[in-house]
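*Asks:* Structure incoming, see below.
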Amino acid sequence: MIKGFSRTWRAMLPWPRPRGGTRYSACHFCDTLHEFAPLEEDMAARCTRCGAVIYQNRPASLARATAFSLAALLLMALGHVFPFLTMDAAAMRRELTLAGAATALIDENAPILGLSVILFTMVTPVVLAGGMIYVCLPLMFGRAAPGAEFTAKWMSRSEPWNMVEVFLLGVIVSLLKLAKVAEVGFGIGFWSFAGVMLCMAGAVAGIDRDELWDRLEVARS
Amino acid sequence: MSGHFVKAADRGLAACHSCGKVSPVKLEDCPRCGSRLHLRKPASIEGTVALMLAAAALYIPSHILPVLRTTELGVVIDNTIVGGMLTFWQSGAYPIALVIFAASILIPLLKIAALSWLCLAATGKMHPSPEKLGRVYWITELLGRWSMIDIFVVGILVSVLQLGNYVTVKPGPGALAFAGVVVLTMLAAMRFEPRLLWDRLDEDAEAPATTHESSPS
Ligand SMILES: [Zn+2]
Ligand SMILES: [Zn+2]
């Protein structure tokens with residue numbers, strides 16, 4: 001057989017099992033121990049005691065996670081170039097980008113606030129989407145990228161701090177506040193970030209954490 | 001152990017916090033991802049309570065101190081979160097006023113109340129039903145981030161309202177305090193160990209229900 005073929009073939013299988021005897025999975029909510037059983041695609045395994053979802057088998061998970069993350073990154077770039085808010089007041093036109101909002105906070109003696117805006121709306125989405133591509137794209141060919149485990153760990157750590165959707169609601173509130181004093185409107189950046197929000201949701205829901213780690217384990221063995 | 005449900009911890013097995021793999025806790029580190037293995041998050045109640053108290057302490061200044069300081073033709077106006085909400089309400093923008101009320105005033109308080117309740121249940125001082133506990137825990141995990149909305153609004157207003165010399169808008173100290181409240185309540189919720197709730201339930205089920213004197217431990 002061609003060298004490396006079986007590896008790629010295994011990568012295309014839905015959720016390959018790492019080698020070893022009986023495997024267990026524990027409910028992260030109530031710690032009830034379950035024997036790990038393979039699932040059909042699009043099915044979820046729920047805890048027999050508390051009903052929480054333990055793991056789920058997403059169809060075409062690697063391709064889905066990679067594609068959504070790639071789209072999210074592209075839309076993010078678009079969202080940084082174009083303003084998310086435009087304002088016309090007193091014969092002056094102002095256009096606001098995300099980086100502009102963050103640097104204004106830093107300039108106005110609120111560096112911690114500025115850095116939190118950068119962290120929650122610019123850094124975490126890049127870590128999540130970029131990390132997902134870095135881990136999932138080589139996995140599609142049965143390979144684990146160097147440091148993929150480290151990346152996957154930081155992805156799950158940064159997930160709760162991704163606040164793109166909160167930021168979008170903040171833009172809407174600001175727009176309504178400003179509408180009293182000026183002509184305001186959404187820019188291309190706003191719609192780009194709305195797309196980022198949807199793509200990030202798709203990417204995160206595209207692959208189950210247990211599946212990602214099982215595939216990493218198989219690719220490393 | 002309770003009934004036919006076996007917990008991983010009963011067999012000395014721990015699910016990795018990072019990758020979910022179940023391994024014997026005596027390995028100390030997860031064989032798959034290298035994270036430290038724990039049967040339960042260490043000092044979770046103490047950590048949750050400490051973070052929560054810090055958040056509660058910041059909550060008061062975050063609503064008293066101004067989040068925005070507007071200078072218009074030399075006149076300084078301080079805006080608090082509540083003031084901004086009332087302005088929306090008076091101008092008839094009820095949905096937006098309600099969003100701000102929920103995100104900035106209600107959710108942090110609800111989170112602190114819910115976490116206190118969960119901590120009380122996890123230490124055995126209250127005995128609510130597991131379904132209720134699950135729902136409360138899920139809500140605290142889900143809602144916390146939305147409070148950050150006011151910080152984003154402050155950032156946007158500060159950068160957009162620099163109209164030459166006659167109006168300047170600067171962030172006030174209340175905004176920093178409020179950001180602290182949001183981050184601290186999020187950290188407190190992450191620190192909390194939901195499995196302790198079930199440990200407590202199982203202990204209650206094993207102990208004879210009729211005795212009222214303190215159990216020997
Ligand atoms: Zn469970
Ligand atoms: Zn692990």
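*Asks:* I'd like to know if the range A:182-190 contains one or more residues that are away from chain B (no Cβ under 12 Å) and under 18 Å from A:Met12 (Cα atoms).
*Replies:* no
*Asks:* I need a count of the residues in the range A:44-87 that are hydroxyl-bearing (Ser, Thr, Tyr) and outside any strand (DSSP E or B). Walk me through it before giving the result.
*Replies:* Restricting attention to the range A:44-87, the residues satisfying the condition of being hydroxyl-bearing (Ser, Thr, Tyr) are A:48, A:55, A:61, A:66, A:69, A:86.
Checking the rest, the ones that are also outside any strand (DSSP E or B) come to A:48, A:61, A:66, A:69.
Residues meeting the conditions: 4.
*Asks:* Have a look at A:Thr86, A:Thr8 and point out the one that is away from chain B (no Cβ under 11 Å) and either surrounded by fewer than 19 Cβ atoms within 10 Å (Cβ to Cβ) or more than 25 Å from A:Arg220 (Cα to Cα) (or both). Talk me through it step by step, then tell me what you get.
*Replies:* On the way: A:Thr86 fails: away from chain B (no Cβ under 11 Å).
Just one listed residue meets the conditions, A:Thr8.
*Asks:* I need the full set of residues from the range A:33-76 which are surrounded by 15 or more Cβ atoms within 10 Å (Cβ to Cβ), more than 30 Å from A:Ala194 (Cβ to Cβ) and away from ligand 1 (no atom under 16 Å from the Cβ), in order please.
*Replies:* Scanning the range A:33-76 gives a single hit, A:Leu39.
*Asks:* Same structure again: Of all residues being touching an Asp or Glu at 6+ places or on another chain (Cβ under 8 Å) and part of a helix (DSSP H, G or I) in the range A:164-208, which is surrounded by the most Cβ atoms within 10 Å (Cβ to Cβ)? Just the residue, please.
*Replies:* A:Gly170
*Asks:* Inspect the range B:161-169 for any residue being surrounded by fewer than 22 Cβ atoms within 10 Å (Cβ to Cβ) and either touching a Pro at 6+ places or on another chain (Cβ under 6 Å) or assigned to a helix (DSSP H, G or I) (or both) and give the result as yes or no.
*Replies:* Scanning the range B:161-169, I find no residue that is surrounded by fewer than 22 Cβ atoms within 10 Å (Cβ to Cβ) and either touching a Pro at 6+ places or on another chain (Cβ under 6 Å) or assigned to a helix (DSSP H, G or I) (or both), so the answer is no.
*Asks:* Let me spell it out: the conditions are (1) away from chain B (no Cβ under 12 Å); (2) modelled with pLDDT under 90; (3) over 19 Å from the mean Cα position of the chain (by Cα), and A:Val81 meets all of them except one. Which number is the exception?
*Replies:* Condition not satisfied by A:Val81: (2).
*Asks:* I'm trying to understand the selection: among the residues of the range B:1-55, which are of a type in the set (A, V, I, L, M), surrounded by 20 or more Cβ atoms within 10 Å (Cβ to Cβ), more than 16 Å from ligand 1 (Cβ to nearest atom) and touching a residue at least 24 places away in the same chain (Cβ under 8 Å)?
*Replies:* B:Leu51, B:Met52, B:Ala55
*Asks:* While we're here: Of everything in the range B:83-129 that's within 11 Å of another protein chain (Cβ to nearest Cβ) and part of a loop (DSSP other than H, G, I, E, B), which residue is farthest from B:Pro194 (Cα to Cα)?
*Replies:* B:Ser91
The values are calculated or read from the model by the stated rules, or taken from the named source; none is laboratory data. Computed from a predicted structure; not experimentally measured. For neighbour counting, all protein chains shown are included, and Cβ atoms are generated from backbone atoms with ideal geometry for every residue, glycine included.
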